[in-house]
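Below is one structure, written out as structure tokens; comments come after it.
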Number of protein chains: 2
Amino acid sequence: MALTIIKGTILSASALGKLDVTPGGYLVAEEGIITGVYPVLPEQFSGAPVEDFGDALILQSFADLHLHAPQYPMLGMGMDLPLLDWLNAYAFPTEARFADTDYARDVYRRLARELVENGTTRVCMFSSLHRPATLILMEKLEKAGVTGYVGKVNMDRNNVPGLLEETTEESRRETLQWLEACTSFPHIKPMLTPRFIPSCSEELLAFLGRLAAERNLPIQSHLSENQAEVELVSSLHPDCAQYWEAYAKYGLWNERTVMAHCVWSDERERQAMKEAGVTVVHCADSNQNICSGVAPVRTMLQEGLRVALGSDIAGGDHLHMFDVVAASIRASKARRILDGWETDFLTVPEGWYLGTSAGAAFFGDAPGFAPGNPLHAIALADDSLPCPHPLTAAERLERCVYTRQQGAIRAVWSAGRKVYSGT
Amino acid sequence: MALTIIKGTILSASALGKLDVTPGGYLVAEEGIITGVYPVLPEQFSGAPVEDFGDALILQSFADLHLHAPQYPMLGMGMDLPLLDWLNAYAFPTEARFADTDYARDVYRRLARELVENGTTRVCMFSSLHRPATLILMEKLEKAGVTGYVGKVNMDRNNVPGLLEETTEESRRETLQWLEACTSFPHIKPMLTPRFIPSCSEELLAFLGRLAAERNLPIQSHLSENQAEVELVSSLHPDCAQYWEAYAKYGLWNERTVMAHCVWSDERERQAMKEAGVTVVHCADSNQNICSGVAPVRTMLQEGLRVALGSDIAGGDHLHMFDVVAASIRASKARRILDGWETDFLTVPEGWYLGTSAGAAFFGDAPGFAPGNPLHAIALADDSLPCPHPLTAAERLERCVYTRQQGAIRAVWSAGRKVYSGT
């Protein structure tokens, strides 16, 4: 993989709301690291093999910063149920099946393949509480070419007796064993994953906080998803004025933390995220499906928070990030209506930035196809639809977002490697 | 087509929120008219050929009661623009291209095929103002197997000079010539289509109202889509206390009328719809994309209004009605949030009813696969996804709605004829 040269209509989100376009351009990576985007191939590369995708769009691949791998089999189900019934009827029994490693192997192989085929190459992902299944998940993602973080879920309180449970001691022991066992994956790394505050004892939270500090591990969890949850946390941690403080108290609140949802985070909680450098993961369809609310994403962006996107399957009903970007834009319009037309909606370039560059930032990338970034890209042939007029690259991108272009991805690169070739 | 016997998991929406399921059942039609759904094939049919779809779902096909055929080439484009800019930059120039009959032939053939392949067999559809293209559209729909109504658009006021315009006289003349020319299609019939009140002079509205009465023609238009439009109508028709009265005044308001959107229809306007028997066409994604608002569908249903669904391409970004059903459910959850959690969202069976039986009611059908209805059905193989547990037919339907099952339709019947066979 010494030298990769990809030719096409190169489009990337170099800032929130800004698209850089290089028609007939060359995206070059050396040893898997982007060295530049060029309108004309520099002389130093002349004679080198070029992968020519003609007029196809060459886009950044997606970062999905919140999804529950063991809920993949229940995608699009139980959406008429209230949250608690949905958890009991669908989420918990489905997750419990991952005690079966054969089942895990089968499902996670499919999930990993579907991610890559649809252009998601970076994830922050919840597994279940099962150590063996979590290792299988990491193995399947690694093999398929997905990169990022996976967490064995910790949940020693309010769990599901006989179905999905672990004691505090089991949770600690299994976490430590999992961390020892998962060191060999080059592209998939561990992430500490307390399910959410109500699922974890103070002892367990304190253990995870110490572990995060000692081993410099990233952290993922849920925050202020719905109002009942916020009240529950308040009753469990009366010493915390706000939900986030229950994470902060135990050392689970820093610039390596991603927090899903944050629908009900008020100005003070948002300020705490900004100060700590926490990344908010906006999960638009999930929040709407479960009637949690609509997160104030525009406000968060104006306040300077880090915001990325998550599919949140299976509260979300779409794994594909084209859908997730469109859902975020749609949700921002619902938010605009909720706000009496006072907040601006997300534009397509803004939504695109959140689904690509903003997520990649958590992994240390600069926005867009910046030199120094590992090569994460998609080649997308979007020529199957009728056109009203010759389209600009930005118009083509918008059409891809809204029409999803299922099956139109021709190639995917992840961390420099070509991990998918379509037909 | 004397006798059709379809075997599978037969599921239909026999009332709002109610699903009738007959596993391993037989759906029988004679001369294209449904005679019954049977758990066991009645003896009188023994020996007759059965189309056995195994465990596949046999569903009602969809009715899409509001869409703009000439906006099909601009699907998923311009969604960041305010309504007026979107019309000027996309909708009007795109519609204007249908002065070219070759272009119309190409686009409408694709549109008709895509409708049928995705299970939409009944439509109320806007064409453009062009008579020849409208006839081509009707011909292509007829040929593909779509049934229902198409309207040449009337717009003699506030039109687009040099691009999309007709005088009052031209509008009358072209309408009459179109009505004469389109009598030969057995399944596609004309529908009077004043674009909306601001696009039509009083003289033209009066002409269309007389024509509707004289020839017993159905009527389609737009109503109370956004607030600026409502105010504009009020200034154009100061004698009308509300928008709908501008239709009623000219005889365009009766039980053969479908009105798209009705986002801002208040209790009095809704009561007028109920009394006249007007059908509301809810276009959830379009209303959200263009930031019109969220129609109070639950309230309309509780008040006893007739409500069906429309894709409203290209304000809506999905032609496929699985998407449109999901969008309506999602919008009802946004509405619930807007209403401070006081209104119930649409359940999946309710959304499904609106996309099938409620739309079919406009064509005179009883709900579900009732005996006497023309056969409009889909056979859908939904076995490609991993399952968390053995699924009920209702769970399978929900999963199809949310995951769209693109490409999973195996066969479509329309007005008794098999119009599509998938692979």
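The values are calculated or read from the model by the stated rules, or taken from the named source; none is laboratory data. Values in this document were obtained by computation on a predicted structure and should not be read as measured data. All Cβ positions, glycine included, derive from the backbone under ideal geometry; neighbour counts span all protein chains shown. Side chains included, ligands, DNA and RNA excluded: accessible areas come from the protein's heavy atoms. Shrake-Rupley method; radii C 1.70, N 1.55, O 1.52, S 1.80 Å.
Couple of notes before you dig in:
- Computed FRET value (nearest 0.05) for A:Ala89 with B:Asp344, which takes r as the C-beta separation and R₀ as 22 Å: 0.70
- Candidate aspartates and glutamates - alpha carbon under 17 Å from B:Lys418, same-chain residues fewer than 8 apart omitted: B:Glu30, B:Glu31, B:Glu51, B:Asp52, B:Glu114, B:Glu117, B:Glu142
- Axis angle, to the nearest 10 degrees, between helix B:321-338 and the longest C-alpha principal axis of chain B: 70 degrees.
- A:Glu342 exposes around 150 Å² of accessible area when a 1.4 Å probe is run over every protein chain in place.
- Per-residue mean of foreign Cβ neighbours for B:319-326 is 1 (Cβ atoms of other chains, 10 Å radius).
- Across peptide B:75-86, the mean count of Cβ atoms from other chains lying within 10 Å of each residue's own Cβ comes to 5.
- Lysine pair number, Cα distance threshold 30 Å (strictly under), the range B:62-355, separation 8 or more or different chains: 11
- For chain A, the relative contact order comes to 21 percent (Cα pairs under 8 Å, sequence separation of at least 6).
- Rounded, prolate or oblate (a/c below 1.5 giving rounded, otherwise prolate when a/b exceeds b/c) for the range A:188-227 by Cα gyration tensor: oblate
- Estimated distance in nm for a label pair at B:Gln271 and A:Ala48, the labels positioned 7 Å out from Cα along Cα-to-Cβ: 7.5 nm
- Averaging the Cα positions of each part gives two centres, and for the range B:162-194 and the range A:218-292 these lie 58 Å apart.
- Placing R0 at 41 angstrom, the Cβ-Cβ distance between A:Lys189 and A:Asp55 gives a FRET efficiency of 0.65 after rounding to 0.05.
- Calculated [222 nm] ellipticity per residue, helices only, for chain A: -10000 deg cm²/dmol; basis is -39500 (n - 2.57) per DSSP H run with n ≥ 4, divided by all residues, nearest 500.
- Most fluctuating residue given options B:Leu115, B:Leu208, B:Leu83, as computed from a GNM of chain B linking Cα atoms under 10 Å: B:Leu83
- Residue order for B:Leu16, A:Leu129 - accessible surface, 1.4 angstrom probe, largest first: B:Leu16, A:Leu129
- Alpha carbon centroid spacing (whole Å) that separates the range A:92-156 from the range A:301-372: 23 Å
- Filtered GluC sites (Glu not before Pro), the range A:5-53: DSSP coil and at most 15 other beta carbons within 10 Å: A:Glu31
- For chain A, built as a Gaussian network whose Cα springs stay under 10 Å, the top-fluctuating residue of A:Met300, A:Met125, A:Met321: A:Met300
- Once the Cα atoms are used to define both axes, helix A:393-403 deviates from the longest principal axis of chain A by about 40 degrees.
- Mean per-residue shielding of peptide B:392-404 is 4, counting Cβ atoms of other chains within 10 Å of each Cβ.
- Per-peptide average of other Cβ atoms within 10 Å, ordering A:275-287, B:52-64 highest first: A:275-287, B:52-64
- Most to least packed among A:162-169, B:407-414 [average Cβ atoms within 10 Å]: B:407-414, A:162-169
- Where the range A:62-355 is the region considered: accessible area per residue in Å², 1.4 Å probe: 31 Å²
- The share of accessible area on chain B that comes from carbon and sulfur is 50 percent, using a 1.4 angstrom probe.
- Note on chain B: with a GNM built from Cα contacts shorter than 10 Å, the maximum mean-square fluctuation among B:Gln302, B:Gln227, B:Gln242 falls on B:Gln302.
- Projected label points at A:Ala2 and A:Leu81, each 7 Å from Cα along the beta carbon direction, are separated by 5.6 nanometres.
- Seen against the Cα atoms of chain A and their longest principal axis, helix A:168-181 is set at about 30 degrees.
- Simple label model, 7 Å out from Cα along Cβ direction - B:Ala228 to A:Arg110, nm: 4.7 nm
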